[in-house]
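Engineer: Quick one: structure below, then a few questions.
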Amino acid sequence: MKEDVRLRNKSDAKTHRGKICYENKKRHTEDNSPKYRMVNCTLFLKKAAFTLAEVLITLGIIGVVAALTLPSLIQNYHEKQRVTQLKKAYSVMQNAFLMAQEEYGDVTDWGLTITNTGEKDDDGNDILDNSGTENVMNILMKYVEKSKIPQNSYIGYVESIDGRQAFWPWEVSADKYFYLKDGTMVTMGWISSLDCNGDYQGKKIACSDFWIAFPKKSKMKIGVDVFNFLFTTEGFKPNSTTNYCNAFEAVGRADINGRGCTAHALYNGNMDYLHKKDWQ
């Protein structure tokens, strides 16, 4: 009989985790009162269980927290992904420049021409000479893996970083762009100097604008999906004009605001300028 009691006590001890109640009155942990023992056991079970209301409240709190944090987590993930893409594309193009320079010499010997001829057509539009940009792009293409053969393309609507329409849509001629293997688009702007004496951080080395873009079906933004560089005698230099990186105010022309974000995204590895006014 004593053995049966011990076995039952062991079973009870495994079932109740906390204050253990034994059937053997002589081995009570509190006192020998059956009433105290039963009340104590009942209290223990009530503390261990969750009511339906408590479960629903907990789930509701979890839902609210998720709703508040998930959007920011998703946005942060996309921004980090974009920065990674930007760094990769920049590395590819800079390496291409260095190899091209090794073979063709200084960029001023790459067949540059001034894009804007200064003349107008019958409709009053600028007459452009894109032969210089075509020469540069054809040289650079030799040193990268491409995914598409260039043809006249409408990339889509591009906005300034503050949300103003910059290009309606962005038309890129075949001689001014190509796609990298991963779908990244690179395109060259107008050449403004045959001697490449445009200013970049106090140095007279700039030849023209250069863009790295990540095309998508929805609207793109400068400084988010489209990044501005300067094509210089030293390679591709990220635009660092921080005055033109304001996501909260309409600064300058729509096609300019956002260009100055490139250096920060590239060198700091984030897009804090989208969330902070004092990101600098």
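Engineer: For Tyr200, enumerate residues with amide H under 5 Å from its amide H, sequence gap 5+ or separate chain, H modeled in the peptide plane.
Structural biologist: Those qualifying (amide H under 5 Å, at least 5 residues apart or on another chain) are Ile205, Ala206.
Engineer: Note down the net charge around Glu145, summing +1 for each Lys or Arg and -1 for each Asp or Glu among other residues with Cβ under 14 Å from its Cβ. Mind showing how you got there, number by number?
Structural biologist: Numbers: positive: Lys88, Lys142, Lys146, Lys148, Lys181; negative: Asp182.
Here the charged neighbours net out to +4.
Engineer: Let me ask you something else. Students often get this wrong, so check it: of Lys80/Lys204; Lys148/Lys221; Lys80/Lys277; Lys120/Lys203, which have C-alpha atoms separated by over 28 Å? Walk me through the intermediate numbers first.
Structural biologist: Working: Lys80/Lys204 33 Å; Lys148/Lys221 23 Å; Lys80/Lys277 19 Å; Lys120/Lys203 32 Å.
Beyond 28 Å: Lys80/Lys204; Lys120/Lys203.
Engineer: Tabulate in residue order the Karplus-calculated ³J(HN,Hα) for the range 101-114, using 6.51 cos²θ - 1.76 cosθ + 1.60 with θ = phi - 60°, rounded to whole Hz; enter x for Gly and Pro.
Structural biologist: Taking θ as phi minus 60°, the curve returns 5, 4, 8, 9, x, 4, 4, 5, 9, 8, x, 5, 9, 5 Hz for the range 101-114.
Engineer: With viscosity set to 1.002 mPa s and temperature to 20 °C, compute the Stokes-Einstein D of the range 107-152, Rh being the Kirkwood radius across alpha carbon pairs; µm²/s, no decimals.
Structural biologist: D = 172 µm²/s.
Engineer: In the range 79-274, if every C-alpha pair distance is counted and binned at 5 Å from zero, what percent goes to each bin?
Structural biologist: Calculated over all Cα pairs of the range 79-274, the distribution is 1, 8, 16, 20, 22, 18, 11, 4, 1, 0 percent.
Engineer: Within 10 Å of each residue's Cβ, count the other Cβ atoms and sort Ile127, Ile155 from fewest upward.
Structural biologist: In order of increasing Cβ crowding within 10 Å: Ile127, Ile155.
Engineer: I need Asp126, Asp109, Asp272 ordered by Cβ neighbour count within 10 Å, fewest first.
Structural biologist: Values: Asp126 12, Asp109 9, Asp272 15.
Taking fewest neighbouring Cβ atoms as first place, the list is Asp109, Asp126, Asp272.
Engineer: Here's a follow-up. First select every other residue whose beta carbon is under 10 angstrom from the beta carbon of Thr113; then total the charges, Lys and Arg +1, Asp and Glu -1.
Structural biologist: Net charge around Thr113: -2.
Engineer: Also, I was wondering about something else. Near the amide H of Tyr157, under 5 Å away, which other amide H atoms are found, from residues 5 or more places off or on another chain, if H is placed in the peptide plane?
Structural biologist: Long-range HN contacts for Tyr157: Trp170, Met220.
Here, each number is a calculation from the coordinates, and none is a lab measurement. Note that the structure is a prediction, hence the values are computed from the model and not measured. All Cβ positions, even for glycine, are placed from backbone atoms using ideal geometry, and neighbour counts span all protein chains on display.
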